[in-house]
Structures are given as C-alpha cells and as structure tokens.
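The block underneath contains the structure these notes are about, expressed in structure tokens.
The values are calculated or read from the model by the stated rules, or taken from the named source; none is laboratory data. Keep in mind it's a predicted model, so treat the numbers as computed, not measured. Here the Cβ positions follow ideal geometry from the backbone for every residue, glycine too, while neighbour counts run over all protein chains shown.
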Amino acid sequence: MLDKKNFYINGQWVKPSSSEEIKVIDPATEENCAVISLGNQQDVDAAVGAAKKAFETWAFSPKEERISLLEKLYEVYKKRWADIAEAITMEMGAPKDFSTKLQAGTGAAHIKSFIKYLKNFEFEKPLGEHAPNQRILYEPKGVCTLITPWNWPMNQVCLKVVPALASGCTMILKPSELAPLSSMILAELIDEVKFPAGVFNLVNGDGATTGNALTAHPDVNMISFTGSTRAGALISQNAAKDFKRVSLELGGKGANIIFNDADPEAIERGALRCFRNSGQSCNAPTRMLVEKSMYKEAVERLKKYAENFEVGDPKKEGEHIGPVISETQFNKIQTLIQKGIDEGAKLVAGGVGKPDGLEKGYFVKPTVFADVNNNMEVARTEIFGPVLSVMPFENEEEAIKIANDTPYGLTNYIQTQDPEKVKRVARKLRSGMVDVNGVGIAVDAPFGGYKHSGIGREAGAHGLEEFLEVKAVGGWN
C-alpha cells in the first residue's frame, strides 16, 4: 500500500498537522492501494498563507517566465505519462489503454493547448480606436481553491491548475479523496520544474472537512469546482458570504437525438459514448431519443450491443470498461436500475447485479432501458454509471422538447445527415455544448453548461479568462 500522507505546501512536501487518514480503494479489487491524510483547518491555513504570499510576486511575473515553466511541465509530464496512467487505473479503475490514451492524454493535451493560448493572449490592450487613452487590463483573480473529481482526474486537474498558473494566480488543489494519486504525481512534476514556492499547493482531504475549510477561507479569492450539482450548490453558498468568484462544472443528463437519416453507426456510437469510462462522465449521452420510424430497430441493436459489451479487469489491455469508483457509487447505480424496473421502463439489457465472473470489484452491467419517459427517475437523475435510457419521438419539435426537459444543460448530441436540421436543432438545444454526428468537442472549445450544469467555461481561451479579472483604465498614454 502506497504511503502518500504528505502534502505539498510552499514548495515542499510536508507532514500534515492531523493524524487522520483516508484509505484509497482500488475499485477493481476492493482493496486498499494507498493511504492519504485528511487535511484540517491548520493545513488549509498553511497552504492558503503560502499561496497568498506567493501571489504578491507571481501575479506580476513576466508572461515569458510562465510560458517557459509550463513548457518544462509539458516535457516532464510526457516522461511520467505511463506513471500517471497507471495511477489512474489503480485509483479509479479506468482500463489500461483508456487511461493511457484518454485519461492521461487529455491532461497533456490541455497543458499544450494552454501554452498556445498563453503565448497569444494580450493581458493589456486598448479599448478601441475611438478611445486611445482607454486601456483594458486582464489580471489574475488571486488565490484559488481548485477542487477536482475522481472520474477524469488528470483532465479536470489540468483544466484548472494550468490556466491558473498561466494567468498568474496561485492555488491550493484538493483532488478527490477517492482518486488523489495522479494529482500527487502532477505535484511532483511541478516541484521538479521549480515553480516558485507557494504558487501551487496540494492538500488532500474530504469535502466536509478540507473542502469546506478551503471554500470558506477568507483569503481565497476564487473557487473552481468540478463535481456534483449538490456539492456545487453548497460551495456557492460558502462563496457568496464574501463574494468569491466561482466557476462550477457540474452534472449532466445529455440527450442524443437520433433522426431517421442518421449514419449507420449512430446507434452503437451513442451507446459506446454512454458506457465509456463506465458511464462516469458528466457529458455522457445517457438519454437516447430515437425517431419512431426506426425506434424498434434501434432497441434491437442496442440490446445486441450492450449484451456483447465487455466489462473486465482494468489492468488488462483492450477495449472494455472497468469498475465504477466505489461501493457507494455501485450501490447508488443498482438502486437506480431497480427504480427504472419498478417505474415500468423496459429492461432491454443488463440490470442489477454484477457481470458474470466479476464478483470482486465494483463492476456494473451495461444496462439499456427502452420505453422510458421523461418523468421516470432514470431519465431525470444523473446515474453516473453505464445505464442508457431510450425513448421515442415523433418529430423535430418533440425531440427538442424532450431534450430540454431536464434540470441539466451540459452536452446534447444530434445524429442526422441534414445540415440545415443540425443548425435548427443545435440552436434550440439548451446546453453549453452540442456534438453532431460523433465529431466531438475540440480540446480547446469552451467546456461548460447551462442551468444546473454549472457556471463558467473551461479549456482554451475561455478557460484562461476564467482566472482573470478585467480592469478598465482611463488616461493611459
């Protein structure tokens, strides 16, 4: 079992002030794989104090210095790529190939992308030709609390840490206590690159103790959080007390609208996107809306696809899904699958219980419900497991109405070969992102949602601007 009890504060690995520990569980084996510490108020105070002190100079560091350090970070990240992937497989059960290509790969992609945007970003620029003595300045927001989830650990950490560094902010990262190991490797890389002491700090812990201390701390200027909508609401309440800036990337219940002129792979591609990462993606298309003329065929194809979809050991190579993150999450998914059955949805594939031959580990059967309606809990709740709800629609207007009838608004999907239909429907879908025909959303496109899916945007230029305040100066000559 790995001993990862130290925190990274003010440029050093230090012992925590508390002796309380948290066990990290390998979800494929249900066994302890590491131990971390539970950060308390004293640890948080030390980290925030270091970040506040470092901000005095880092906020005014030359852009060229930040670019140079981030370029070095990218190089050392590539050298530890395999270690990061292995840690992700251990801590959250992502299969080996998936961890290497996508989980670790997205982290590298975001570092590279933010370097590009930092190089081109103008932190000072004129308001316009009409006002030659008016200047717009973009300045770092200050000390940032960064709280990240377990489902895409490096992706989400790099979407926060890298633009915060690039903007001139200082920070305290609290990764999920369920999957902290890859984040601790990133802290090792930041230490190796020699960012100034106090610019980046890492304190482990849970939400109730450590997260609450970080989000309520009076010297924190901004909170960037990715996680559940419930936790996002609690964090917003903490932040509102002293008007902290808040960026929230929360839940989703994406609709995948399959029109009868969709390409031949659309049905299976939609199921794959739902099941991938064991369904643990906020932007997963978990509601499949199918035009009635092809609904019966779609259900038959989904049954065959789900029944043949492989679930297995994350440490082996190949295309399959691993376990879900924890016993708590496994039990929640099982309860919701049973709820779907009890509410009258037609169970097409999967169901409660573990897949055959996988009695140990938090493995879930890829599950498909047909004849779902939007009043059922399986259609309204973010299950965060490999569970797909399928429902029919008559026409374009009904599809849009069903898709928008949700508290969430993160990512919706459209499958059609009609470009004019794409434009009509995309404009009417109430979501921050729309993926058409499996093209995907670019790594530097703004990532975020409407309604209960959050506030703000991550990635690319928009992600950098999340960490910047705007100042207008008159009389700049």
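So the values come out like this:
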| quantity | calculated |
| --- | --- |
| Odd one out for Val76 among (1) touching a residue at least 60 places away in the same chain (Cβ under 8 Å); (2) in contact with a strand residue (DSSP E or B) (Cβ under 8 Å, 6 or more places away or on another chain); (3) not aromatic (Phe, Trp, Tyr) | (2) |
| Members of segment 276-330 found to be buried (at least 24 other Cβ atoms within 10 Å of the Cβ) and among the hydroxyl-bearing types (Ser, Thr, Tyr), listed by number | Ser278, Thr286 |
| Condition broken by Lys96, with the remaining ones in (1) surrounded by 24 or more Cβ atoms within 10 Å (Cβ to Cβ); (2) in contact with an Asp or Glu (Cβ under 8 Å, 6 or more places away or on another chain); (3) not aliphatic (A, V, I, L, M) satisfied | (1) |
| Matching entry among Glu300, Glu319 (being in a helix (DSSP H, G or I) and not polar (S, T, N, Q)) | Glu300 |
| Checklist (1) under 30 Å from Ala216 (Cβ atoms); (2) exposed (fewer than 15 other Cβ atoms within 10 Å of the Cβ); (3) aromatic (Phe, Trp, Tyr) applied to Trp152, failing item | (2) |
| Helices (runs of 4 or more DSSP H) contained in segment 396-472 and holding at least 2 residues under 22 Å from Thr229 (Cα atoms) | 396-404, 460-465 |
| Inter-residue pairs, beta-carbon under 9 Å, first at positive phi and in segment 373-398, second assigned to a helix (DSSP H, G or I), 6+ apart | Phe384/Ser278; Phe384/Gly279; Phe384/Gln329; Phe384/Lys332; Phe384/Ile333 |
| First in segment 412-435 and closer than 21 Å to Gly449 by Cβ, second anywhere and aromatic (Phe, Trp, Tyr) and part of a strand (DSSP E or B), Cβ under 8 Å, 6 or more apart | Gly432/Phe447; Met433/Phe447; Val434/Tyr413; Asp435/Tyr413 |
| Every residue from segment 331-347 that is within 11 Å of Val368 (Cβ to Cβ) and either part of a loop (DSSP other than H, G, I, E, B) or aromatic (Phe, Trp, Tyr) (or both) | Ala345 |
| Answer from Leu146, Leu118, Leu165 - the residue that is in a helix (DSSP H, G or I), of a type outside the set (Lys, Arg), outside the structural domain of Ser281 (by TED's automatic domain parsing) and closer than 29 Å to Thr210 by Cβ | Leu165 |
